[in-house]
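Reviewing the structure listed below.
The values are calculated or read from the model by the stated rules, or taken from the named source; none is laboratory data. Predicted, not measured: the structure shown is a model, and the values here were computed from it. Neighbour counts are summed over all protein chains in view; Cβ atoms, including those assigned to glycine, are modelled from backbone coordinates with ideal geometry.
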Amino acid sequence: MENRRAAILSTAVMFGFLLVGIRLADLMLLDHDVLAAKARNQQQVMVDVAVNRGLILDRRGRALAMNVDAYSVYGRPFRVKNPGEVSAALSDATGRSYDKVLASMRSNRNFIWVKRKMETGSAERLKGLGLEGVGFIPESKRTYPKGRLASHLIGFVGVDNQPLEGVELRYNEDLRGEIKKVLVSKDAGGRTLSEGFDVQSRGNGLVLTIDEGLQYISEQALDRVIERWEAVSAIAIMMDPYNGEILAMASRPTYDLNDPGGYKTSSRRNRAITDPYEPGSTFKVVTAAAALEEAVVTPATEFDVSDGFIDVGSMRVYDSRRQDRILFTEVIKTSSNVGTIQVGSLIDNRTFHEYISKFGFGSRTGVDLPGEAPGIVRDYKRWSKTSHAAISIGYEVAVTPLQILRAYAAVANGGWLVTPHVVKEIVASDGTVLKQFNPGLGEHIISTHTANTLKDILISVTQEGGTAREAAVSGNLVAGKTGTTRLIDPDTGEYSHERYVSSFVGFVPADNPRFALVVVVFEPKKQYYGGRVAAPVFSDIASQALAYMNVPRDDFRNENVLLVRNDEF
Amino acid sequence: MSVRRMHEGGRFVSVLTTFLLVLTLFAGIFGIVWTVSGITMLEYQIGELENRKALALKERKSMEAELSSLLSMQHVRQKGLELSIPDRQRIIYVKRDFVPVRRASERN
């Protein structure tokens, strides 16, 4: 009897095991694929990888644009049972008005943004309140640690990190980072299991050609000139004349990169490349270069400017001071309009136009920034009877400050037209250099002999008897030229007697230039001559910049050298 | 007697072998479960550490941004921390050479 019972029991147990085995086989072998897919769907979720834009650094590696982590707070109004309480907490944490938040929370919308890119600490505190219907999305926020510094050049991004201005816009493809998703395993409690790899996407970084120190020096000087002469706007650009690297590009008015929406659109415009103006006397260097290259003048050629004026068609052009017969060099040194028009008249329209184009006027410089204007240079076939004379002295043409700076850089470097650029290198997130920008010297537009002759004349401009003695720098020779032009009065369409543009462009040390610099001041009050308004700004910036760059004075003597034995150094 | 002993000895070996096989089987299953559970635990731990690392990195990014802002020339000057450009007339250049050091008294 007992044996029979044991047999039945063991048979039942074995049958039970058999059933379990069959079911297991069914689950693990026959339905494996379907069930495995179901498990994957439950355990694995696709998540967006955090995308960090690449860093933007100055030429010495100092950060100008970085990323910080932030949270964007959103609401699902239909899930909020107590909108008043939730809105009060959100209002406190985000600084938004209670009424606006409450109105959003009471709306019948499915999803609302409460606050984008909120600082992590505040967001964590808000998270801790456990508000119903309120969620948080981690995001990367662009931040600009130097605030206003080089704002026009760096540019900024929008709330979704979309590029809007400057190098942020121009180099977005390199900076933005790859948008990708990864599969992450999570358990029933929502805890993440490690994937064993770093799930972040980082864009490539940019090393700019600008130097924070030089940029700061330039911007400070512009602030002072705006304040002193109550000017509407001002621009300064500093460039290495041998390779076109922009060392500083400052513009006023300006704005804070961390709050671009708080400023007028006009303050955000990079006037250094977008605003053409009539260059006036600074353009005389083109006339002089053309005349020297065509061998129609020599430095010793004499011009009679004793009338103090010259009639060109219906136009009468005056000199600011009366002189008698002067040499070609003195025409430029004293910025004689009458003399320059006589010089220009020795060259035909077509040739003159060729030289203007050779110097890059009328076409974009190719600087790697968005929004560059080409300026205005009309075809010589469309010139009026007065155009040649007007253009000789820098009217009837419109140039950007960067174009005029490039022309002077050509004089400084022996006649080569460089391509200005603001990005030196593109580097990967691990520091590997991916690309270097070194366009080098461009086209040879004037002979080295002509460039050197012009250089000597431009040096005389900043010396005794010249128009820009206030541009001089203690310890080094400065070569350059002033410019003073009237702006067109928009009401009358005529040249204004109240609105002027004062400018100075030059390079220093003249014999071995370390940089070329242009300063343009728009609509200064009380004083308007380039030699009085812009030239001192040039001197101010150049003096500090030379010290900052550790450039020795021309009168540097051996007493200032401390020699140490090699083994003691 | 000897046949009976032999029979008992064979049965003992058989039971022992069965026992060892079952033990090995269970030990194997236990080992696999142990290993899998250990891997999962490790994944949790690594996940936790990665979260902590992510938090630390977040903090580092914020600190770097703050540091960069504090080191800006604008900030240094605003705080009156004596940012000044050197006077080039008072700069002495130090150069390597194979000549003896000139004493200050000799230079004057």
If you go through segment B:59-66 one residue at a time, do you hit one that is in contact with a Ser or Thr (Cβ under 6 Å, 6 or more places away or on another chain) and either within 14 Å of chain A (Cβ to nearest Cβ) or not polar (S, T, N, Q) (or both)?
yes
Restricting to segment A:417-448, give me the number of residues that are in a strand (DSSP E or B) and touching a residue at least 60 places away in the same chain (Cβ under 8 Å).
8
Residue satisfying condition, being in a strand (DSSP E or B), assigned by TED's automatic domain parsing to the domain that holds A:E396 and over 26 Å from A:P299 (Cβ atoms), within set A:V518, A:V533, A:V501, A:V505:
A:V501
If you take the residues of segment B:72-97 that are surrounded by 15 or more Cβ atoms within 10 Å (Cβ to Cβ) and under 41 Å from the mean Cα position of the chain (by Cα), which of them is farthest from the other protein chains (Cβ to nearest Cβ)?
B:H75
Answer yes or no: is there a residue in segment A:394-416 that is touching a strand residue (DSSP E or B) at 6+ places or on another chain (Cβ under 8 Å), surrounded by fewer than 19 Cβ atoms within 10 Å (Cβ to Cβ), free of Cβ contacts under 8 Å to residues at least 60 places away in the same chain and not assigned by TED's automatic domain parsing to the domain that holds A:I154.
no
Just to be sure, is B:L42 closer than 29 Å to A:K117 by Cβ, surrounded by 11 or more Cβ atoms within 10 Å (Cβ to Cβ) and either within 9 Å of chain A (Cβ to nearest Cβ) or modelled with pLDDT under 90 (or both)?
no
When segment A:226-252 is examined, which residues are found to be among the hydroxyl-bearing types (S, T, Y) and buried (at least 24 other Cβ atoms within 10 Å of the Cβ)?
A:S251
Exactly one of B:T24, B:T35 is of a type in the set (S, T, N, Q), over 25 Å from the mean Cα position of the chain (by Cα), farther than 23 Å from A:L257 by Cβ and more than 14 Å from chain A (Cβ to nearest Cβ), and that one is B:T24
For A:L153, indicate whether it is among the aliphatic types (A, V, I, L, M), farther than 23 Å from A:Y74 by Cβ and surrounded by fewer than 18 Cβ atoms within 10 Å (Cβ to Cβ).
no
Subset of segment A:312-326 [surrounded by fewer than 12 Cβ atoms within 10 Å (Cβ to Cβ) and under 16 Å from A:V343 (Cα atoms)]
A:D324, A:R325
Kindly provide the set of residues from segment A:140-161 that are on the phi < 0 side of the Ramachandran plot and more than 14 Å from chain B (Cβ to nearest Cβ), ordered by number.
A:H152, A:L153, A:F156, A:V157, A:G158, A:V159, A:D160
Restricting to strands (runs of 3 or more DSSP E) lying wholly in segment A:263-375: which have 3 or more residues that are more than 18 Å from A:D456 (Cα to Cα)?
A:309-312, A:315-318
Let me spell it out: the conditions are (1) over 56 Å from the mean Cα position of the chain (by Cα); (2) touching a residue at least 24 places away in the same chain (Cβ under 8 Å), and A:L19 meets all of them except one. Which number is the exception?
(2)
Anything in segment A:151-171 that is farther than 22 Å from A:E212 by Cα and either in a helix (DSSP H, G or I) or of a type in the set (S, T, N, Q) (or both)? List them, or say none.
A:N161, A:Q162
For segment A:201-225, name all the residues that are assigned to a loop (DSSP other than H, G, I, E, B) and either surrounded by fewer than 24 Cβ atoms within 10 Å (Cβ to Cβ) or among the polar types (S, T, N, Q) (or both).
A:G203, A:N204, A:T209, A:D211
Does A:K141 satisfy the condition of being more than 30 Å from A:P420 (Cβ to Cβ), among the basic types (K, R), modelled with pLDDT of 90 or more and surrounded by 14 or more Cβ atoms within 10 Å (Cβ to Cβ)?
yes
Step by step: first the residues of segment A:281-297, then only those that are small (G, A, S) and surrounded by 24 or more Cβ atoms within 10 Å (Cβ to Cβ), then the one that is nearest to A:P401 (Cα to Cα). Which residue is that?
A:S281
B:K53 fails exactly one of (1) within 30 Å of A:G475 (Cβ to Cβ); (2) surrounded by 10 or more Cβ atoms within 10 Å (Cβ to Cβ); (3) charged (D, E, K, R), namely (1)
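Yes or no, residue by residue, for (1) within 30 Å of A:V207 (Cβ to Cβ); (2) of a type in the set (D, E, K, R); (3) assigned by TED's automatic domain parsing to the domain that holds A:L175; (4) in contact with a Cys (Cβ under 8 Å, 6 or more places away or on another chain):
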position: A:M66; (1), (2), (3), (4): yes, no, yes, no
position: A:A70; (1), (2), (3), (4): yes, no, yes, no
position: A:V86; (1), (2), (3), (4): no, no, yes, no
position: A:A89; (1), (2), (3), (4): no, no, yes, no
position: A:G95; (1), (2), (3), (4): no, no, yes, no
position: A:L102; (1), (2), (3), (4): no, no, yes, no
position: A:I112; (1), (2), (3), (4): no, no, yes, no
position: A:K117; (1), (2), (3), (4): yes, yes, yes, no
Would you confirm whether any residue within segment A:312-319 is among the basic types (K, R) and over 38 Å from the mean Cα position of the chain (by Cα)?
yes
